[in-house]
1. Out of all the residues in region 69-78, is one or more under 30 Å from residue 140 (Cβ atoms) and loosely packed, with under 14 Cβ neighbours inside 10 Å?
2. If you scan region 150-159, which residues turn out to be in contact (Cβ under 8 Å) with a residue 60 or more places away in the chain and surrounded by 16 or more Cβ atoms within 10 Å (Cβ to Cβ)?
3. Across region 53-94, what is the number of residues that are more than 14 Å from ligand 1 (Cβ to nearest atom) and closer than 24 Å to residue 204 by Cα?
4. From the list 171, 166, which residue is surrounded by 12 or more Cβ atoms within 10 Å (Cβ to Cβ), under 18 Å from residue 91 (Cα atoms), in contact with a strand residue (DSSP E or B) (Cβ under 6 Å, 6 or more places away or on another chain) and in contact (Cβ under 8 Å) with a residue 40 or more places away in the chain?
5. Only residues that are in a strand (DSSP E or B) and buried (at least 19 other Cβ atoms within 10 Å of the Cβ): list them for region 136-149, please.
6. Residue check: is residue 170 modelled with pLDDT of 80 or more and either assigned to a strand (DSSP E or B) or touching a helix residue (DSSP H, G or I) at 6+ places or on another chain (Cβ under 8 Å) (or both)?
7. Within region 246-257, can you find the residues that are in contact with a helix residue (DSSP H, G or I) (Cβ under 8 Å, 6 or more places away or on another chain) and either in contact (Cβ under 8 Å) with a residue 12 or more places away in the chain or within 16 Å of ligand 2 (Cβ to nearest atom) (or both)?
8. With the requirement that a residue be surrounded by fewer than 19 Cβ atoms within 10 Å (Cβ to Cβ) and within 16 Å of ligand 1 (Cβ to nearest atom), what does region 112-124 give you?
Ligand SMILES: Nc1nc2c(ncn2[C@@H]2O[C@H](COP(=O)(O)OP(=O)(O)OP(=O)(O)O)[C@@H](O)[C@H]2O)c(=O)[nH]1
Ligand SMILES: [Mg+2]
Ligand SMILES: [Zn+2]
């Protein structure tokens, strides 16, 4: 009997696979498959043959649709870019960078503003939300403490594999615990290998409605390869209509730059322009333009 499933966890090199009908198998990878496919990743789609009990052998790893350098999750659909204004105060620069890299990697991104109950200024919070919504991002505002905003976020239809990312302490794990029954997390946390001791693992996919969600510990940088400086520029959608003197203007000091003019007169957010400059500087360093 051949089944199809998704790798949701890797512990001690033994993949856990959930089949389309929701049954979980602890698997072995056939040596030949390992040699052909290289390292298996959480998020991989596989074919498996049950042996006995809830054990199975993976007979084939299906081709990956997408793989980032980091996080090491195959076939990622999207990320929730978590951000809190205080406790800890998040970095808009890191947020903007995640938005750009996600889009250039071909994955969806939604902004989750966490800990809204701790926001010191409702006006600053509202301004931030309005800024990113006006640029075109989907922005959720929530507090796990007061449960405000969690339900609508959860009720939205999604598919595929999503990962919570954000600075340490932003509330990723708290959010996961708020939406997944404790028993499910605890069961998944109990290692079934090595006499049941706890193992810390990098990523574990948990099913929520129709999609899978994973937590990441601490700040996980996304990594991808950006080929052109203009790729970065093209992600600052709010500047689309700016008419600079030079059509290939990169807004770094060229004469007649409508973006810099717009930043100076308040049309465009200066935080976004700062993020852009940092990204461009990093890109130049890495690629040696
Ligand atoms: N007041 C308040 N506290 C929160 C909220 N969400 C999380 N916290 C608290 O913030 C602290 C950090 O939350 P975590 O969920 O552990 O943060 P994390 O993003 O998983 O952090 P790392 O695992 O270190 O990356 C905990 O003490 C939580 O109780 C919230 O909405 N409101
Ligand atoms: Mg955590
Ligand atoms: Zn310009």
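The values are calculated or read from the model by the stated rules, or taken from the named source; none is laboratory data. This structure is a prediction, so every number in the text was calculated from the model and none was measured. Glycine gets a Cβ as well: all are built from the backbone with ideal geometry, and neighbour counts include every protein chain shown.
1. Our first condition is that a residue be under 30 Å from residue 140 (Cβ atoms); within region 69-78, this holds for 69-78.
Of the ones still in play, those that are also loosely packed, with under 14 Cβ neighbours inside 10 Å are 69-70.
Among the residues of region 69-78, at least one is under 30 Å from residue 140 (Cβ atoms) and loosely packed, with under 14 Cβ neighbours inside 10 Å, which makes the answer yes.
2. Pass one, region 150-159, residues in contact (Cβ under 8 Å) with a residue 60 or more places away in the chain: 158-159.
Of everything in region 150-159, just one residue is in contact (Cβ under 8 Å) with a residue 60 or more places away in the chain and surrounded by 16 or more Cβ atoms within 10 Å (Cβ to Cβ), namely 158.
3. So the answer is 25.
4. Values: 171 fails: in contact with a strand residue (DSSP E or B) (Cβ under 6 Å, 6 or more places away or on another chain).
Result: 166 is the single residue among 171, 166 that is surrounded by 12 or more Cβ atoms within 10 Å (Cβ to Cβ), under 18 Å from residue 91 (Cα atoms), in contact with a strand residue (DSSP E or B) (Cβ under 6 Å, 6 or more places away or on another chain) and in contact (Cβ under 8 Å) with a residue 40 or more places away in the chain.
5. Taking region 136-149 as the starting set, the residues that turn out to be in a strand (DSSP E or B) are 139-141.
Matches in region 136-149: 140, 141.
6. Numbers: modelled with pLDDT of 80 or more: yes; either assigned to a strand (DSSP E or B) or touching a helix residue (DSSP H, G or I) at 6+ places or on another chain (Cβ under 8 Å) (or both): no.
Judged against the criteria, residue 170 is not a match.
7. If the condition is that a residue be in contact with a helix residue (DSSP H, G or I) (Cβ under 8 Å, 6 or more places away or on another chain) and either in contact (Cβ under 8 Å) with a residue 12 or more places away in the chain or within 16 Å of ligand 2 (Cβ to nearest atom) (or both), then 248, 250, 251, 252 are the ones that fit.
8. From region 112-124, those surrounded by fewer than 19 Cβ atoms within 10 Å (Cβ to Cβ) are 117-118, 120-124; that's our starting set.
Listed by number, the residues that qualify are 117, 118, 120, 121, 122.
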